[in-house]
Amino acid sequence: MNPQPLLTTHDSRLTTLLPCDHCRGLGVWLDPNGSLHTCPRIEIREPHAPPSPRAAFIVRSLRRLYEEKQAIDPVAFEVAKALLPYSADDPCDRHFITDRFFQWSTDRLRQLHYTIAELRYKWMLPVASRKVAPAGYWIAADQKDFELWFVRAKAALVTPLIGLNCLARATFPVLADQLELDFRRDMSPVEVTDAIG
Ligand SMILES: [Zn+2]
């Protein structure tokens, strides 16, 4: 990747620019071989709006994957970009993603969960979600946004684990003492995403 840094300026003349249609405002693009490049408009020093906070999270994830020489899944990248316009108040409906990216699959919802799990646990992208209206996915824009989702997601995981532990204790108390209900160790990222959405 070209070492030229992304724009990080807070120059108000740049923040009023529309997001670049070459790179969807990310400042980088991915070629078909999976290599990351600086947006050509930045290369030729055209005025270029800096990434939005959500776009900056995607750029951070891309840079980390690239530097660690991890493969960048182009479908996951497209899903991440598709989530950019959405927020906690106006989340992206899951059917929009499944219809757009996973029409080929016999289990579109499972494919969606695989991709969201990849974005969360491999890309370390803060993809939040909600199962009740307004339901859907969005990239958490800031710490408060992420915290609100995290508290809900944690409760969605912990409540069944407590119930499972009680069931084991009521039925097989000796066995229950031997069990460690550590969901972080026992559950795969996709199972976690299945549970929290
Ligand atoms: Zn651009």
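Is it the case that the range 50-69 has a residue that's farther than 22 Å from residue 154 by Cβ and assigned to a strand (DSSP E or B)? Checked against the condition, which is being farther than 22 Å from residue 154 by Cβ and assigned to a strand (DSSP E or B), the range 50-69 yields no hits at all. Among the residues making up the range 123-140, those that are surrounded by fewer than 17 Cβ atoms within 10 Å (Cβ to Cβ) and either of a type in the set (A, V, I, L, M) or under 22 Å from residue 65 (Cβ atoms) (or both) are 124, 132, 133, 135.
Which ones in the range 105-122 are assigned to a loop (DSSP other than H, G, I, E, B) and either surrounded by 20 or more Cβ atoms within 10 Å (Cβ to Cβ) or among the hydroxyl-bearing types (Ser, Thr, Tyr) (or both)?
Hits for the range 105-122 are 105, 106.
Condition check for residue 81 on (1) among the basic types (Lys, Arg); (2) closer than 19 Å to residue 117 by Cα; (3) more than 16 Å from the ligand (Cβ to nearest atom): one failure, at (3).
I'd like the full set of residues that are among the β-branched types (Val, Ile, Thr) and either more than 9 Å from the ligand (Cβ to nearest atom) or within 25 Å of the chain's Cα centre (by Cα) (or both), limited to the range 30-48. Give the derivation first.
First pass over the range 30-48, keeping only residues among the β-branched types (Val, Ile, Thr): 38, 42, 44.
Result: 38, 44.
Picking from 170, 128, which residue would you name as being touching a residue at least 40 places away in the same chain (Cβ under 8 Å) and of a type in the set (A, V, I, L, M)?
Values: 170 fails: touching a residue at least 40 places away in the same chain (Cβ under 8 Å).
After applying the criteria, what remains is 128.
Is it the case, given these coordinates, that residue 27 is under 21 Å from the mean Cα position of the chain (by Cα) and modelled with pLDDT of 90 or more? Answer is yes for this residue.
The values are calculated or read from the model by the stated rules, or taken from the named source; none is laboratory data. Model, not experiment: these values are computed from the prediction. Please note: Cβ atoms are built from the backbone with ideal geometry, for glycine as well, and neighbour counts cover all protein chains shown.
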